Number of protein chains: 2
Amino acid sequence: MFVPSTLKDIASALGYSTSTISRALRDTYEISPETKKIIREYAQKINYRPNPIALSLKERRSKSIGVVVAEVANHYFSQAINGIESIAYDRGYHVIITQTHESYEREKINIQHLASRSVDGLLVSLSAETSDTAHLQDLHQKGLPMVFFDRITEDIVTHKVIANNEKGAFEATEHLIHQGYRRIAHLTSSAHLSISIERLDGYKKALAKHDIPFEQDYVKYCPHGGMFYQETENAVKELMNLKEKPDAIFVAGDRLSIDCLMVFKNLNIKTPQDIAITGFSNSDVLDLMNPSLTSIRQPAFEMGQIATQMLLKVIESKYPVYDFEKKVLDTSLYVR
Amino acid sequence: MFVPSTLKDIASALGYSTSTISRALRDTYEISPETKKIIREYAQKINYRPNPIALSLKERRSKSIGVVVAEVANHYFSQAINGIESIAYDRGYHVIITQTHESYEREKINIQHLASRSVDGLLVSLSAETSDTAHLQDLHQKGLPMVFFDRITEDIVTHKVIANNEKGAFEATEHLIHQGYRRIAHLTSSAHLSISIERLDGYKKALAKHDIPFEQDYVKYCPHGGMFYQETENAVKELMNLKEKPDAIFVAGDRLSIDCLMVFKNLNIKTPQDIAITGFSNSDVLDLMNPSLTSIRQPAFEMGQIATQMLLKVIESKYPVYDFEKKVLDTSLYVR
DNA sequence: AACACCTACGGCAACGATTGCGTATTTATT
DNA sequence: AATAAATACGCAATCGTTGCCGTAGGTGTT
């Protein structure tokens, strides 16, 4: 079976105590240079590595951070993860990624596991199903550092990183308006998500600015954030079956945007002839899509980096942190 | 700071020894029902969870498995990861995902970390840069269970799960031949990867069957598996600059296929007018692509599941395992 | 010469949970 | 009544590592 070598192995092989070995390898002044040399060469030879599990137990920290996202097969999240890793690795932290698949239950289990697994902190983007954040509040109040990004909650006072969703949604909607569309629908994720609320606001403000009345019927929610194709198809069908059929649609999510295009394809809805579309998406292959998609892109990589920097600052702070920041980054509009 | 409650906390709160607490919670017969009740209710109240780090240290296993893939932003891998998680989760194992970004150095670091972090086993798909597997052979020979999937090596005797790459490549190439193409190029990842070799074989066999001579100039390698756009663009340019320009191209990778389409778009190469294309890809949005892409799809989710089942069988075996299997799953051709 | 003071290392405890063994008290058996 | 057996718990070791304390032998000081 797989048994890595330990301090004890070196100690009994060389006839020293484990303390001496440990000190020699950690370069303490108390060990003579000759002894150090012997010990180090032997450690090198047998490829000794300190057991991080033992260290975690002793030091009560693991030099690792947990990440909670909806799914990695989402360009926004995979880019954010790359940003997270770029900072974490530089600072000697390891990254444990977990997926909720937009499920509240899964989120609770993953977070519980990460916490008990002694991650030093958490980077969280809430699942579409999550409205109750008690599981997080509990851990946060016990002192586990956490930073929210993208899908945040106001219930927990900590660092947060988001895109300027309202402005992005405003620009996307106004882009449609400038192109002459007036009956603009809005397809979004679950109603309680922060991003849904903010993007809905931006959408409403764009309508208001151009004196277009807001119609509740034009807003369709996908409580599972488009995890099920049927959910998206039903929403689109409902929109297309309205007596006053929309002539454009603003989609508020990465997965949702792609799914929406697939629904169009399957229902043989042509864009922009039958309906125009813009949406939030970080997919790098949108240029290849047909129907094409004018998109609002979030600085995902950078958001991951900033969130990680904030988290590490809290983790490594000697004193409790009470001063928190909400960082808002601008989106950009890619017209296609 | 964040300090979870321990057995000792319960013990001193209730006036028992830690042994009694431990046994009460683990339902040993030696503890009286009344005592158990008291202890359990208190544990429930303070939301006690056994510290997995301490357990890992003692039991020398972590109930977690490490996964090494090129990148999660790749539909083949993200689907495989979902398959892995579906099995691991059911069996009480946790999954730690790491990305190599096709870098050999990163692969070595990730694997070293996973091993020392006491994962019970490894699911590995090699990076495009990796030709030397000494870092894995070392761990494997020391007894760390590992299963390879997709990009495998023959240097290590263990379970392996792959798609029938040769057959898939054969079908893809023959599909092009059946459509009347004769000058068929082949764009692939780094030359030493198992998938590259197998797919090249299938490509050659299809040519041979139809009496089309194989031309070395028609095969272009991307040593970094398409991690850099320029690499792909250069390869495509080289193909298009040949005096006998190819009329079709068979692309041997998920990322590569998408990148190739982007190159076409940027260089204003029309398909299928200028050149036809088929490629390996598990992207679920290929239907939306323009130019479109006839694709060979691997059963990624299932491959992840099977690899995980194999790994857990090795991990949980009481005796050393010497009997290994190479499972080959069929691909499917999606004509577009 | 008597003392302090280094040098270079060893021993022990602790982190949290489990477990084999020991044991005091009660209950059952003959 | 004496002995055996069962009950219900505590003690201590263990996993790998580090930190505090101790100390034998050597060196330096006055």
- Those residues of segment A:28-61 which are away from DNA strand C (no atom under 12 Å from the Cβ), charged (D, E, K, R) and part of a loop (DSSP other than H, G, I, E, B), in sequence order: A:ARG49
- Residue check, B:ILE10 assigned to a helix (DSSP H, G or I) and near DNA strand D (Cβ under 10 Å from one of its atoms): no
- Task: Restrict the check to segment B:46-64 and report whether at least one residue is within 29 Å of B:SER332 (Cα to Cα) and not basic (Lys, Arg).
- Result: no
- Message: Return the pair list, or none, for Cβ contacts closer than 9 Å from residues in segment B:320-336 that are in a loop (DSSP other than H, G, I, E, B) to residues that are charged (D, E, K, R), at least 6 apart or on different chains.
- Response: B:VAL321/B:LYS313; B:PHE324/B:LYS160; B:GLU325/B:LYS160; B:ASP330/B:LYS167; B:THR331/B:LYS167; B:THR331/B:GLU171; B:THR331/B:ARG297; B:ARG336/B:ASP287
- Query: Hey, does segment B:294-311 have a residue that's at pLDDT 95 or above and touching a Pro at 6+ places or on another chain (Cβ under 8 Å)?
  - Reply: yes
- Condition check for A:ARG91: of a type in the set (Lys, Arg) and within 16 Å of DNA strand D (Cβ to nearest atom): no
- Quick one: B:VAL124 ticks every box in (1) within 13 Å of chain A (Cβ to nearest Cβ); (2) without any contact (Cβ under 8 Å) to a residue 60 or more places away in the chain except a single one, so which number is it? (1)
- How many of the residues in segment A:65-79 are hydroxyl-bearing (Ser, Thr, Tyr) and within 9 Å of another protein chain (Cβ to nearest Cβ)? 1
- Reported set for segment B:178-194 where residues are over 16 Å from B:THR278 (Cα atoms) and either open to solvent by less than 10 Å² (accessible area, probe 1.4 Å) or without any contact (Cβ under 8 Å) to a residue 40 or more places away in the chain (or both) is B:SER190, B:ALA191, B:LEU193
- Note on the structure: Sole miss for A:ASN74 among (1) in contact (Cβ under 8 Å) with a residue 24 or more places away in the chain; (2) near DNA strand C (Cβ under 9 Å from one of its atoms); (3) of a type outside the set (A, V, I, L, M); (4) more than 25 Å from B:ASN51 (Cβ to Cβ) is condition (2)
- Task: Look at segment B:5-20 and say how many of its residues are near DNA strand C (Cβ under 7 Å from one of its atoms) and surrounded by 17 or more Cβ atoms within 10 Å (Cβ to Cβ).
- Result: 1
- Item | Number of positions in segment B:141-177 that are within 14 Å of chain A (Cβ to nearest Cβ) and open to solvent by 50 Å² or more (accessible area, probe 1.4 Å) | 2
- In the set B:SER56, B:SER62, which member is facing chain A (nearest Cβ under 9 Å), within 12 Å of DNA strand D (Cβ to nearest atom), in contact (Cβ under 8 Å) with a residue 40 or more places away in the chain and open to solvent by less than 40 Å² (accessible area, probe 1.4 Å)? B:SER56
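The values are calculated or read from the model by the stated rules, or taken from the named source; none is laboratory data. Here the structure is a predicted model, which is why all the values come from computation and not from measurement. Virtual Cβ from ideal backbone geometry, glycine too; neighbours counted across all protein chains shown. Calculation scope for accessible area: heavy atoms of the full protein, side chains included, ligands and nucleic acids excluded. Shrake-Rupley method; radii C 1.70, N 1.55, O 1.52, S 1.80 Å.
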